[in-house]
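I have placed the structure first, in the form of structure tokens, so that the comments after it can refer back to it.
The values are calculated or read from the model by the stated rules, or taken from the named source; none is laboratory data. Values in this document were obtained by computation on a predicted structure and should not be read as measured data. For neighbour counting, all protein chains shown are included, and Cβ atoms are generated from backbone atoms with ideal geometry for every residue, glycine included. These area figures cover heavy atoms from the full protein model, side chains too; ligands, DNA and RNA do not enter into them. Shrake-Rupley method; radii C 1.70, N 1.55, O 1.52, S 1.80 Å.
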Amino acid sequence: QIHVYVDRFNFTLATHPRLPLVTSRVNPLQQKMSLKPDCHSDFDPWVYIQEYYGSLTSWHRSPLKHLHEFFTSHFKERADLKFLNFGSGPVVAFEASVVPYAQQIVLAEYTENNRAVAKLWLDQANNGPDFTALYKYVVQELEGKGPEEVDKRQEAVRHLATLCRCDIFQDTPIEKGYEGPYDVIYTASTLEMACANTEEYGTAVSKLSAMLKPGGWLLMNVSMGEAGTVNVCHVGRTRFVELNISVDEMYAILQRRCGFERESINIIPQAADKVDAIPMLLEEHIDEMMFVIAQRKQSTA
């Protein structure tokens, strides 16, 4: 998702309907692209899991490590957190570090197909996906625990997690009954895929931050690049467009649109490894990701 893929085949393009113009990292000129009206049918969760989660790489390890470090440093004495993964997709693994501190885990996902695949994992269905490698990395490598704890951690996630619908373009962007407030909200490469420009992106981030408790935390794994540019990535033969956000834009959005104070924001650049990123994306590697940690103001009442 942080690559430009220059295809040699006749790939189709799928983007959000609100994105009529695209500034390509390969071609800096804005160009019209034919859009598909419904990304529910364009995104194949099984192909995505096969291509992006077939092996554990730095693309997975970096956000997993940041999440581990965040929870172990901020919530040592807590076991009552309400956690939301907004745009969780078909993968249920980035909740691994949350479990020791959580009372509730909500997985909010836009597409029905993604929710169906995530539910297979939650139900431990025989034909469900396998994310054991990601749990092993967190539990064994980061936490230093034994292999017997890996299955226990997955079972704990299954016990705590609930699936629901979301749509960031609705006034209430999450299914009724799951509006929060939350102690921690996490989102990764979701708003960048959905939003056409930084104005829409800022509105989307403000909607998420509004679901936080006073003193709550917003965590984001974001495609970082020059303002006004996008990444073109693919799942199978379908290409998707992802909005790049600059560090300056991120600070401005969090401070001006969401009311976070500058000292409460920590932006951590994540330089992706060109060799150990996503092996099947063969072409030019671009830019970086950034892991964003921002704490909402405590109540003044």
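When D130 is tested against the conditions (1) outside any helix (DSSP H, G or I); (2) buried (at least 20 other Cβ atoms within 10 Å of the Cβ); (3) more than 17 Å from the chain's Cα centre (by Cα), the lone failure is (2).
Among residues of the range 167-226 being among the β-branched types (V, I, T) and part of a strand (DSSP E or B), the one that is farthest from A79 (Cα to Cα) is V222.
Among the residues making up the range 253-273, those that are surrounded by 15 or more Cβ atoms within 10 Å (Cβ to Cβ) and touching a residue at least 40 places away in the same chain (Cβ under 8 Å) are I253, L254, R257, C258, F260, Q270, A272. Here L243 meets each of (1) at pLDDT 85 or above; (2) surrounded by fewer than 22 Cβ atoms within 10 Å (Cβ to Cβ) with one exception, condition (2).
Kindly indicate the residue of the range 148-163 that is in a helix (DSSP H, G or I) and touching a Leu at 6+ places or on another chain (Cβ under 9 Å) and also least open to solvent (accessible area, probe 1.4 Å) among those meeting that condition. By that ranking, first place goes to V157.
Starting from the range 214-236, keep only residues that are at positive phi, then list their pairs with residues that are of a type in the set (G, A, S) and open to solvent by less than 10 Å² (accessible area, probe 1.4 Å) whose Cβ atoms are within a distance under 7 Å, requiring at least 6 positions of separation or different chains. Cβ pairs passing all conditions: none. Within the range 98-115, is even one residue among the small types (G, A, S) and out of contact with any strand residue (DSSP E or B) (no Cβ under 7 Å at 6 or more places or on another chain)? Looking through the range 98-115, none of the residues is among the small types (G, A, S) and out of contact with any strand residue (DSSP E or B) (no Cβ under 7 Å at 6 or more places or on another chain). Here Y186 clears all of (1) over 17 Å from A227 (Cα atoms); (2) touching a Lys or Arg at 6+ places or on another chain (Cβ under 8 Å); (3) open to solvent by less than 40 Å² (accessible area, probe 1.4 Å) except the condition numbered (2). Being surrounded by fewer than 23 Cβ atoms within 10 Å (Cβ to Cβ), among the acidic types (D, E) and farther than 29 Å from V47 by Cα is a condition met by no residue of the range 200-219. Looking only at the range 229-240, decide whether some residue is open to solvent by less than 40 Å² (accessible area, probe 1.4 Å), within 23 Å of L67 (Cα to Cα) and not aliphatic (A, V, I, L, M). Checked the range 229-240: no residue is open to solvent by less than 40 Å² (accessible area, probe 1.4 Å), within 23 Å of L67 (Cα to Cα) and not aliphatic (A, V, I, L, M). Filtered by the rule that a residue be in contact (Cβ under 8 Å) with a residue 12 or more places away in the chain and over 29 Å from L56 (Cα atoms), the range 139-182 gives D167, I168, F169, P173, I174, E175, G177, Y178, E179, G180, P181, Y182.
Total residues in the range 70-103 satisfying the condition of being polar (S, T, N, Q) and in a strand (DSSP E or B): the figure is 2.
To keep it simple, each residue is scored yes or no on (1) free of Cβ contacts under 8 Å to residues at least 24 places away in the same chain; (2) open to solvent by 40 Å² or more (accessible area, probe 1.4 Å).
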| site | (1), (2) |
| --- | --- |
| L64 | no, no |
| F71 | no, no |
| S97 | no, no |
| L120 | yes, yes |
| Q124 | no, yes |
| Y137 | no, no |
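So for the range 280-294 (the condition being outside any loop (DSSP other than H, G, I, E, B), modelled with pLDDT of 95 or more and open to solvent by 10 Å² or more (accessible area, probe 1.4 Å)), does at least one residue qualify? Within the range 280-294, one or more residues are outside any loop (DSSP other than H, G, I, E, B), modelled with pLDDT of 95 or more and open to solvent by 10 Å² or more (accessible area, probe 1.4 Å).
For the range 75-92, the condition holds for at least one residue, the condition being that it is hydroxyl-bearing (S, T, Y) and buried (at least 19 other Cβ atoms within 10 Å of the Cβ). Scanning the range 33-60 for residues that are modelled with pLDDT under 90 and in a helix (DSSP H, G or I) yields C39, H40, S41, D42, E51, Y52, S58, W59, H60.
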